Amino acid sequence: SQELEQSPQSLIVQEGKNLTINCTSSKTLYGLYWYKQKYGEGLIFLMMLQKGGEEKSHEKITAKLDEKKQQSSLHITASQPSHAGIYLCGAVLLNDMRFGAGTRLTVKP
Amino acid sequence: GAVVSQHPSWVICKSGTSVKIECRSLDFQATTMFWYRQFPKQSLMLMATSNEGSKATYEQGVEKDKFLINHASLTLSTLTVTSAHPEDSSFYICSARDSTAGGPPDTQYFGPGTRLTVL
């Protein structure tokens, strides 16, 4: 079973639309990481959240960690084809980083 | 920022041969490194935790005799896929945890990955 539940598994949106990806854990998250990746390529670090209620933004991507620190959301505003890829949430749950199953985002021009 | 390199970036080998992949932390020391494997359309799955100067810890279902890990120094861990078979073809990514003080705890820095194809 996945320690981090990520949803949706895949997402197809029209360019310009907003979208949200969720990541949920049954355990308290002491550090939640968001990465972007294309299969066969390295991970692109997007942002890290640590504090309950924390929110960070980078360009058109905003990530939040809820007060209980068990759920995070990644929101993309006015999506562009360049946003396409696989989005992974990761968290150190024991002594190592585990990942959600990933969300494959397709942005149609 | 912290940089982790992997070598080679891609490798093609014949079935039955062994392949070594190197993971290096370039500007920091890492007592702990991690090896992940990723199959197409799947997420990263932790294979093993590599500890400098001691034996690696393998995740359930990962054969330690097939995936040999050596972490002989604070900046280098190697993964050797022994007697590789086509089902071992995958994308292998390593990460390293900065052992020095300061910065967010448990931060891992990821290498660019190695694509292994076994014919």
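Coordinate-derived values only; no laboratory data. Note that the structure is predicted; figures quoted are calculated from it, not measured. Positions of Cβ are generated from backbone atoms using ideal geometry, with glycine treated the same way; all protein chains shown enter the neighbour counts.
Report the equivalent ellipsoid semi-axes for the range A:36-84 in whole Å, largest first, defined as the square roots of five times the eigenvalues of the gyration tensor built from alpha carbon atoms.
On the way: eigenvalues 97, 37, 14 Å².
Largest first, the range A:36-84 gives 22, 14, 8 Å.
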- Sequence-distant aspartates and glutamates (8 or more away, or on other chains) whose Cα lies within less than 20 Å of B:Lys20: A:Glu41, B:Glu52, B:Glu59, B:Glu63, B:Asp65, B:Glu87, B:Asp88
- Work out how much length B:Lys41 to B:Leu119 would gain on full extension: take 0.36 nm times their residue separation and subtract the Cα-Cα distance, in nm to one decimal. 26.0 nm
- Task: Could you work out how far apart the two model spin labels at A:Ser82 and A:Thr106 are, taking each label as a point 7 Å from the Cα in the direction of the beta carbon, and quote it in nm?
- Result: 2.2
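Extension gain B:Thr17-B:Leu68, at 0.36 nm per residue separation less the Cα-Cα distance, in nm?
On the way: separation 51, 0.36 × 51 = 18.36 nm, distance 1.36 nm.
Full extension from B:Thr17 to B:Leu68 adds 17.0 nm.
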- Message: If the rule is a partner Cβ under 4.7 Å, which cysteines in the protein assembly as shown fail it?
- Response: B:Cys13
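Set the Förster distance to 30 Å, then compute FRET efficiency between A:Lys51 and A:Gln14 from the Cβ-Cβ distance, nearest 0.05.
Values: r = 34 Å, r/R0 = 1.14.
Calculated value: 0.30.
Taking only Cα atoms of the protein assembly as shown, what ratio of Rg to Rh do you get with Rh as the Kirkwood inverse-distance radius? Walk me through the intermediate numbers first.
Values: Rg = 17.7 Å, Rh = 18.2 Å.
In the protein assembly as shown, Rg relative to Rh is 0.98.
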- So the number of lysine pairs in the range A:1-69 with alpha-carbon atoms under 18 angstrom apart, 8 or more residues apart or on different chains, is 14
- A:Asn22 paired with A:Ile44, simple spin-label distance in nm, labels 7 Å along Cα-to-beta-carbon: 2.6
- Query: So what's the gap between the Cα centers of the range B:1-70 and the range A:2-71, to the nearest angstrom?
  - Reply: 25
- Query: Hey, what D do you get for chain B in µm²/s if you plug the Kirkwood alpha-carbon radius into Stokes-Einstein at 37 °C and 0.692 mPa s?
  - Reply: 230
- Item | Cα→Cβ-extended label distance, 7 Å offset, between B:Ser54 and B:His7, nm | 2.9
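Over chain A, what number does the Rg to Rh ratio reach, with both radii from the alpha-carbon atoms and Rh per Kirkwood?
Values: Rg = 13.1 Å, Rh = 13.8 Å.
Looking at chain A, the ratio lands at 0.95.
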- Task: Under 18 Å Cα to Cα from B:Lys14, which lysines show up? Leave out anything in the same chain fewer than 8 places away.
- Result: B:Lys66
